[in-house]
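Read the structure below first, then the notes.
Any read-out appearing in this document is the output of simple, stated calculations on the displayed coordinates, not a laboratory observation. The shown structure was predicted, so the numbers you read here are calculated from the model rather than taken from an experiment. Using ideal geometry, Cβ is built from the backbone for each residue, glycine included, and neighbour counts are taken over all protein chains shown.
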Amino acid sequence: MNILIFLIAFAIFIYLLTLALRLKTWVRSMRHDIYNIRDELSTFKRSNEKANAKILTAASNIAAESVNASCINSLGFEFPVFMGGPSIDTHHARNLLFLLQERKPQAILELGSGSSTIIIARALQLMGASPNRHISVDHEERFLNNTKELARLNSVDELIQFEYCPLQPEDGFPHPWYSRIPALAGSLKFDFVLIDGPPAYEDGLGRTREPALTVLRPYLADNAVIILDDANRVGEQNVVKAWQEKYPEFSLYHATEGKGVAIFTLGA
Ligand SMILES: C[S@@+](CC[C@H](N)C(=O)[O-])C[C@H]1O[C@@H](n2cnc3c(N)ncnc32)[C@H](O)[C@@H]1O
């Protein structure tokens, strides 16, 4: 009888022990799951915060774009001048207007004609500070003619010298660049250069604009400002790095809003 009681008690003990062990394993795995959920929640929270920050930046960029656009419209265009897309964006236009007001340049060179050409000419006209020369270059006759027409419709065509400069191989660089630039410059010293061409958005063409500073260096005034559009792209960032190494005499300001502009200044 005693043995029977002992066996029953022993069986109950084993059963309870197994139950306790199972409970322990279960509690451990629950704890593990809770830690995992907590980690996932904090990862989610972090990525949510990042996404929110991105949305906020995008929203404030859009708001700034529309304020910029309405300010730029006060230049009083007689025919619409579009910004964004292949043209400079409104952040760039705002930077341009600021620089033009500050510097009132006398010799302007634009590589890549378009909306920027009209904005520059019109702004300086309104300021009563039209330059001695404003050369607007394009490697595509069709786009040069479009810009000429846009300039005529906005009554600034006579303030601009339009030049067709097809691309040609450029010594020391892998991609073709504008022909005729040294001949066009002649004895001019440019104090304002806008580099928005050749197009550099296609794969493998990221450094297409790199020859600009090498070719133009002898034709720059002591106080020249060089503006490179699309400076947030990887290709242009590589160009900026290469120019900084090769031409340490320039100071650099990178305005990151929108497509980004890199502004190189001499004598600052
Ligand atoms: C970035 S765009 C120059 C834009 C110009 N600075 C402006 O603000 O409108 C560079 C070159 O792309 C070409 N281009 C202009 N409009 C274009 C379009 N809608 N599609 C493709 N290429 C264009 C022209 O040859 C131009 O010189």
Problem set entry | At R0 = 41 Å, FRET efficiency that the Cβ-Cβ distance of I8 and Y35 yields, to 0.05 | 0.50
Exercise. Which FRET efficiency value, to the nearest 0.05, is calculated for L153 and A183 with the Förster distance at 30 angstrom and r the Cβ-Cβ distance?
Worked result: 0.50
Problem set entry | Alpha carbon Rg of the chain, scaled by the compact-globule rule 2.2 N^0.38 Å | 1.73
Exercise. Can you list the HN-Hα couplings for segment 203-213, worked out from phi with the Karplus curve (6.51, -1.76, 1.60; θ = phi - 60°), rounded to whole Hz and with x for Gly and Pro?
Worked result: 3, x, 10, x, 9, 4, 8, 4, x, 3, 5
Problem set entry | Cα-centre dipole for the chain with unit charges at Cβ (Lys and Arg positive, Asp and Glu negative), debye to 20 | 1480 debye
For this session: When you have a sec, figure out the Kirkwood radius of segment 1-74 from all distinct Cα pair distances and drop it here in Å to one decimal?
Result: 18.2 Å
Problem set entry | Proximal lysines to K54, defined as alpha-carbon separation beneath 24 angstrom and excluding residues fewer than eight positions away on the same chain | K45, K259
Problem set entry | Residues E202 and D222, FRET efficiency given R0 of 45 Å [Cβ-Cβ distance, rounded to 0.05] | 0.80
Exercise. Over what distance in Å are the Cα centres of segment 1-60 and segment 64-87 separated?
Worked result: 59 Å
Problem set entry | Spatially proximal lysines relative to K189 (Cα-Cα < 17 Å; intrachain offsets below 8 disregarded) | K104
Problem set entry | Whole-Å distance, taken between Cα centres, linking segment 137-153 and segment 163-237 | 18 Å
Problem set entry | Neighbour-limited loop hits for chymotrypsin sites (Phe, Trp or Tyr not before Pro), segment 54-145 (at most 14 other Cβ within 10 Å; DSSP other than H, G, I, E, B) | F82
Exercise. How large is ³J(HN,Hα), in whole Hz, for each residue of segment 34-50 in order, when computed from phi with the Karplus curve 6.51 cos²θ - 1.76 cosθ + 1.60 and θ = phi - 60°, using x for Gly and Pro?
Worked result: 5, 4, 4, 4, 4, 4, 4, 5, 6, 5, 4, 4, 4, 5, 5, 5, 5
For this session: Grab the alpha carbons of segment 171-256, take their convex hull, and tell me the volume per residue in Å³.
Result: 97 Å³
Exercise. How far, in nm, would the chain grow between Q161 and R28 when pulled straight, counting 0.36 nm per residue and subtracting the alpha carbon separation?
Worked result: 40.0 nm
